[in-house]
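Please read the structure below before turning to the comments.
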Amino acid sequence: MKYKLIIDRDAEESVTVVARGPSALTQQIEDLVRSRSGTDCLLGYREDEMRKLPFSEIECITILDRKVTAIDTAGNHYRIQERLRDLEPILPAGFIRINKSTLANEHRILRFDAVFSGGVDAVFRCGYREYVSRRCFAEIRRRYEGK
């Protein structure tokens, strides 16, 4: 592995990582950069409460009752003002699409369960279950087999 650090007071700060694939190290680097730049959380709203939700505490972001909702590690539901398609590019690489209306934190998925209808559900550590589409499950399977 090569490492290069250039300190230039006049240059704009940037981080470039070239890796063969995602790993624990690339995830740590991404988390560190996001925490330093202030883009490591979302604002969530619940009743009269507004809270910063760090990406590491979000189990999944889904559409419930036609509203974008983040579910945290305790199973609490928070309304998010951003649209799902706007969130996808800013979320860390650990967030994967599991169906048309849900982005899941793959580090918080406990297991995948086969259901009677022939489909697959993702079971999160907080106990929340969400349907996984066949197309997304095929991509998830390729992703896991590639590791």
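The values are calculated or read from the model by the stated rules, or taken from the named source; none is laboratory data. Being a predicted model, the structure only gives us computed values, none of them experimental. A quick note on method: Cβ atoms are made from the backbone with ideal geometry, for glycine too, and the neighbour counts reach across all protein chains shown.
Looking only at residues of region 59-77 that are in a loop (DSSP other than H, G, I, E, B) and out of contact with any Phe, Trp or Tyr (no Cβ under 8 Å at 6 or more places or on another chain), we find that the one that is surrounded by the fewest Cβ atoms within 10 Å (Cβ to Cβ) is R66.
Taken over region 37-66, the criterion of being farther than 21 Å from K100 by Cα, of a type in the set (D, E) and more than 15 Å from the chain's Cα centre (by Cα) is satisfied by E47, D48, E49. Residue pairs, Cβ under 8 Å, 6 or more apart or interchain, first in region 48-70 and free of Cβ contacts under 8 Å to residues at least 24 places away in the same chain, second basic (K, R). List them. The qualifying pairs are K67/R79; V68/R79; V68/R83; T69/R79. Selection within region 78-91: residues that are at pLDDT below 95 and surrounded by 16 or more Cβ atoms within 10 Å (Cβ to Cβ). The member of this set that is farthest from A19 (Cα to Cα) is L84. Residues considered: R9, R51. Of these, the only one that is at pLDDT 80 or above and surrounded by 10 or more Cβ atoms within 10 Å (Cβ to Cβ) is R51. Against the list (1) surrounded by 14 or more Cβ atoms within 10 Å (Cβ to Cβ); (2) not in a loop (DSSP other than H, G, I, E, B), the condition E145 fails is (1). As a summary of the residue check, A74 satisfies the conditions (1) in contact with a Leu (Cβ under 7 Å, 6 or more places away or on another chain); (2) under 17 Å from V123 (Cβ atoms); (3) of a type outside the set (F, W, Y) except for the one numbered (1). Checking each residue in region 86-132 for being under 25 Å from L25 (Cβ atoms), charged (D, E, K, R) and assigned to a loop (DSSP other than H, G, I, E, B) picks out E88, R125. Among the numbered conditions (1) touching a Cys at 6+ places or on another chain (Cβ under 7 Å); (2) free of Cβ contacts under 8 Å to residues at least 12 places away in the same chain; (3) in a loop (DSSP other than H, G, I, E, B), the only one that R9 does not meet is (1).
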